[in-house]
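Read through the structure below, which is laid out as structure tokens, and then see the notes.
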Amino acid sequence: MAIVSAPSSAALVLVYQTGVDLAGAPITKQRTLNNIVYNASNQAVYEAAHAIFGLSEYTLLDVYFRRTDELTNEA
């Protein structure tokens, strides 16, 4: 029984700060951009995220590149 992994999808998750609350803690939100090229380089994804937020009034805090694989049993 062999389990095979096949690329399924990829998404770019951007976490950004929209302000601060009354206690001074940051208020954060996240945006997920789907249908990202699965085999895109980490550098390209990182640069794209910062280019997108270069046009925004908000501060980009974190960039996540989420890849999903489909696992199948090849019996």
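Structural remarks
- Computed over the chain, relative contact order equals 52 percent, with contacts defined as Cα pairs under 8 Å that lie 6+ residues apart.
- Largest GNM mean-square fluctuation across Leu22, Leu12, Leu33, computed for the chain with C-alpha springs under 10 Å, falls on Leu22.
- Relative to the longest principal axis of the Cα atoms of the chain, the long axis of helix 42-53 makes an angle of roughly 30 degrees.
- Computed [θ] at 222 nm, deg cm²/dmol, the chain (DSSP H ≥ 4; -39,500 (n - 2.57); rounded to nearest 500): -5000 deg cm²/dmol
- Counting only protein heavy atoms and using a 1.4 Å probe, the accessible area of Val37 comes to about 90 Å².
- Expressed as a whole percent, the accessible area of the chain that falls on carbon and sulfur atoms is 52 (1.4 Å probe).
- Note on the chain: Kirkwood hydrodynamic radius from all Cα pairs is 14.3 Å, rounded to one decimal.
The values are calculated or read from the model by the stated rules, or taken from the named source; none is laboratory data. None of these values were measured; they are calculated from a predicted model. Accessible surface is based on the protein model in full, side chains and every heavy atom, while ligands, DNA and RNA are left aside. Shrake-Rupley method; radii C 1.70, N 1.55, O 1.52, S 1.80 Å.
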